[in-house]
Amino acid sequence: MSDIPTLGFIGLGVMGGGMCANAVRRHPKPLHAFDMNAQALRTQTDVGAVAAASVEDVARAAQVIFLSLPGGKQVRAVAAEIAAHAAKGTVVVDLSTTSVADARDVASLLADHGMVFADAPVARTRQAAVEGTLSIMVGADESVFARIEPLLRYMGSDVTLCGGIGCGQVVKLINNTLLFEQVAALAEMFVVAERAGVTREKLVEAARSVRVTVSLCATTGSRPWPPGCSLKRPSRWPTPSRIFPTPSNWPSRWGLSQGCQDWPPSITRRRSIRAWESDIFPPSWRWSTASSGDRRESRMQERELKYRVIADGLLFPEGPIAMNDGTVLVVEIKGGRLIRVQEDGSKTVVAELGGGPNGAAIGPDGACYVCNNGGFHWLTEDIFDTMGYMRPHGRAHDYTGGSIQRVDLGTGEVTTLYTHCDGVPINGPNDIAFDAQGDMWFTDHGKTYGRVMDTGAVYHAAADGSWIREAVFPVLTPNGVALSPDEKTLYVSETETGRLWRWTVAAGGQVLREPWPSPNGGVLHGHAKGYQRFDSMALEEEGNICVATLVTGGITVFSPEGEKLEYWQGPEPYCTNICFGGADRKTAYITVSGRGLLIAAEWPRAGLPLPHQRG
């Protein structure tokens, strides 16, 4: 750096203590240190650090601040305090191990205050921290890296720029995964060997002699699998977003299970030891059996969706409503608006809604009712042959809560009807449907932030804002909602599980619950094929359920009996919603959100006429 900065260091624990001490000894200007543990702070002042009384004191004194904290929650909290007190231009370097989402959210928060962020997680041991020989993996702009690299070399012997913000955490997670994979592979090989009659001692002896193979495993993470053995290897995003929410082109070599953001990763194996078609194992040890679900899927027809683009340039459209006059209403989640799309593709703004309008339906009074999720944080990338591909990534920094809104289609007037139910906030309402009585059913998908995911619910409420009740709880990321043609069955799709559930609806809108072990009182109606996520839905006239399907990007059709009938392949991973329109209701309007498109396709069967639908 051209001017030698004053340093700050927050977090003086097992790793932070050694790193801070090296920085104190090697940096020519003062280093202001803070930790809630008085003894840890005293250890640093003994080697020359300046003791700070608080995070605020470090923020006000230092130009470059290092963090070494337990996890993302603590990093977020400390970064928020730094943002409130540090000067513009301050550089914050996070040496902690967090999720990629945490790193990018903190970077965005600090950027809003004119500050710079780099994620720089460290690897190796406590002794390496003391000796200054850590491996440091950095995610930052090249110009930022050039400024902080000399400082990082106070603490590490290997300092690598891995890419932009978050890429340091990605490489750290890969490092951890490779280690775990090698341990898991060795454990599996012990089992294979012993079942085949090879003692553990002989296997270890043989493995020690095969130095080339062991070296290959250590450097690439590959395994000396026998022929025919492999792990599921998705090529890039969308890999399960709860592990590595970003980057979009993540070259994942392993299929990893949902629900894990950080080490230790939960590895999903596809029973990779399959006896490699030999007679070593008896039949009882073979694992390639087909479930009843697989047999039901074997009759599914896979078809290509032949479509035409009605409108483009939409800001992550959702909630399509085919109106009787030939226009289509959509909400823009990123744009925060309700849009009317004409048949020629021209667009007019009906209302400015703010937040994140997610789903919409026409109510008994002809108004449009909107589920507003409160807003997302957004990533825009050049992927899937699309410049500026959009996808949501955690909740918005200015998120204040979800709501149900009513829009007068004549005047554009917006009224907020619901933000809570019995004192419980509605966190992320997603999709909405009306019954013949004029009451609404809507899902609360909840929000995801850091390591926390809200538990969702389904609500039943009056269109005039006079009452609301919780109909189903708990539900994991509920998304689409619809009623059967006779309105005796409630359908709800779950995004992250890729499951479609159903409940019986009795008189008065009472939802009947199945006993435990149903996790939510519902009956599992269908599920995704492989790794897919479910979004919103629409019903056909005869009762088939058409579920917008993410990841592979298309529409999955289930029968009323739960048989998977068809999968229609769409243009990209974010096929988010579907509705039916046209004179015979055989035109499917589908939102293709990542590319900002509204498309139309001829459908082989008529859609269910919705109550209260008007022009």
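From the set of residues in region 475-509 that are in a helix (DSSP H, G or I) and out of contact with any strand residue (DSSP E or B) (no Cβ under 9 Å at 6 or more places or on another chain), which is least open to solvent (accessible area, probe 1.4 Å)?
Checking each candidate, the answer is Gly508.
Just to be sure, is Gly401 out of contact with any Leu (no Cβ under 9 Å at 6 or more places or on another chain), in a loop (DSSP other than H, G, I, E, B) and open to solvent by 20 Å² or more (accessible area, probe 1.4 Å)?
Spelling it out, Gly401 is indeed out of contact with any Leu (no Cβ under 9 Å at 6 or more places or on another chain), in a loop (DSSP other than H, G, I, E, B) and open to solvent by 20 Å² or more (accessible area, probe 1.4 Å).
Kindly indicate which of Ala606, Ala601 is under 31 Å from the mean Cα position of the chain (by Cα) and hydrophobic (A, V, I, L, M, F, W, C).
Ala601
Quick check: is even one residue across region 474-485 at negative phi, at pLDDT 95 or above and in contact with a helix residue (DSSP H, G or I) (Cβ under 7 Å, 6 or more places away or on another chain)?
No, region 474-485 contains no residue that is at negative phi, at pLDDT 95 or above and in contact with a helix residue (DSSP H, G or I) (Cβ under 7 Å, 6 or more places away or on another chain).
Looking only at region 139-193, how many residues end up being buried (at least 19 other Cβ atoms within 10 Å of the Cβ), touching a Lys or Arg at 6+ places or on another chain (Cβ under 8 Å) and among the aliphatic types (A, V, I, L, M)?
2
Identify the single condition in (1) basic (Lys, Arg); (2) open to solvent by 40 Å² or more (accessible area, probe 1.4 Å); (3) within 15 Å of Ala528 (Cβ to Cβ) that Lys564 does not satisfy, given that it satisfies every other one.
(2)
Quick test for you: out of Arg585, Arg605, pick the one residue that is of a type in the set (Lys, Arg) and more than 17 Å from Met323 (Cα to Cα).
Every option except Arg605 fails the conditions.
If I go through region 389-398 residue by residue, how many of them are in contact (Cβ under 8 Å) with a residue 24 or more places away in the chain and either open to solvent by 20 Å² or more (accessible area, probe 1.4 Å) or touching a helix residue (DSSP H, G or I) at 6+ places or on another chain (Cβ under 9 Å) (or both)?
Result for region 389-398: 5.
So is Asp444 modelled with pLDDT of 95 or more, open to solvent by less than 10 Å² (accessible area, probe 1.4 Å) and charged (D, E, K, R) or not?
yes
Return yes when Gly71 is touching a Lys or Arg at 6+ places or on another chain (Cβ under 8 Å) and within 16 Å of Ala118 (Cα to Cα) and no when it is not.
Details: touching a Lys or Arg at 6+ places or on another chain (Cβ under 8 Å): yes; within 16 Å of Ala118 (Cα to Cα): yes.
Yes.
Which residue out of Gly355, Gly375 is under 25 Å from Tyr459 (Cα atoms), open to solvent by less than 10 Å² (accessible area, probe 1.4 Å), of a type outside the set (Lys, Arg) and modelled with pLDDT of 95 or more? Full working, then the answer.
On the way: Gly355 fails: open to solvent by less than 10 Å² (accessible area, probe 1.4 Å).
The conditions single out Gly375.
Any idea how many residues of region 315-352 are part of a loop (DSSP other than H, G, I, E, B), out of contact with any Gly (no Cβ under 9 Å at 6 or more places or on another chain) and open to solvent by 20 Å² or more (accessible area, probe 1.4 Å)?
Counting residues in region 315-352 that are part of a loop (DSSP other than H, G, I, E, B), out of contact with any Gly (no Cβ under 9 Å at 6 or more places or on another chain) and open to solvent by 20 Å² or more (accessible area, probe 1.4 Å) gives 3.
Considering (1) over 16 Å from Ala433 (Cα atoms); (2) out of contact with any helix residue (DSSP H, G or I) (no Cβ under 7 Å at 6 or more places or on another chain), say which one Gly509 fails and leave the rest.
(1)
What number of residues in region 428-474 are in a loop (DSSP other than H, G, I, E, B), under 15 Å from the mean Cα position of the chain (by Cα) and either polar (S, T, N, Q) or closer than 17 Å to Val505 by Cβ (or both)?
Residues meeting the conditions: 1.
Residue-wise test of (1) within 18 Å of the chain's Cα centre (by Cα); (2) over 29 Å from Met453 (Cβ atoms); (3) hydrophobic (A, V, I, L, M, F, W, C).
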{"position": "Glu494", "(1), (2), (3)": "yes, no, no"}
{"position": "Trp501", "(1), (2), (3)": "no, no, yes"}
{"position": "Pro517", "(1), (2), (3)": "no, no, no"}
{"position": "Ala548", "(1), (2), (3)": "yes, no, yes"}
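Criterion first (open to solvent by 50 Å² or more (accessible area, probe 1.4 Å) and of a type outside the set (Val, Ile, Thr)) does Glu201 satisfy it?
yes
Taking the conditions exactly as written (over 16 Å from Ser493 (Cα atoms), outside any strand (DSSP E or B) and modelled with pLDDT of 95 or more), does Pro571 satisfy them or not?
For Pro571, the condition - over 16 Å from Ser493 (Cα atoms), outside any strand (DSSP E or B) and modelled with pLDDT of 95 or more - is not met.
Can you find even one residue in region 592-603 that is surrounded by fewer than 20 Cβ atoms within 10 Å (Cβ to Cβ), on the phi > 0 side of the Ramachandran plot, touching a residue at least 60 places away in the same chain (Cβ under 8 Å) and in a loop (DSSP other than H, G, I, E, B)?
Taking every residue of region 592-603 in turn, none turns out to be surrounded by fewer than 20 Cβ atoms within 10 Å (Cβ to Cβ), on the phi > 0 side of the Ramachandran plot, touching a residue at least 60 places away in the same chain (Cβ under 8 Å) and in a loop (DSSP other than H, G, I, E, B).
For region 412-440, which positions are open to solvent by less than 20 Å² (accessible area, probe 1.4 Å), free of Cβ contacts under 8 Å to residues at least 60 places away in the same chain and not β-branched (Val, Ile, Thr)?
Tyr418, Cys421
Going by the conditions given, is Gly13 under 33 Å from the mean Cα position of the chain (by Cα), within 15 Å of Ile148 (Cα to Cα) and part of a loop (DSSP other than H, G, I, E, B)?
For Gly13, the condition - under 33 Å from the mean Cα position of the chain (by Cα), within 15 Å of Ile148 (Cα to Cα) and part of a loop (DSSP other than H, G, I, E, B) - is not met.
The values are calculated or read from the model by the stated rules, or taken from the named source; none is laboratory data. If you're wondering where the values come from, they're calculated on a predicted model, not measured in any experiment. Note that each Cβ is placed from the backbone with ideal geometry, even for glycine, and that neighbours are counted across all protein chains shown. In case anyone asks, the SASA skips ligands and DNA or RNA and just uses the protein heavy atoms, side chains included. Shrake-Rupley method; radii C 1.70, N 1.55, O 1.52, S 1.80 Å.
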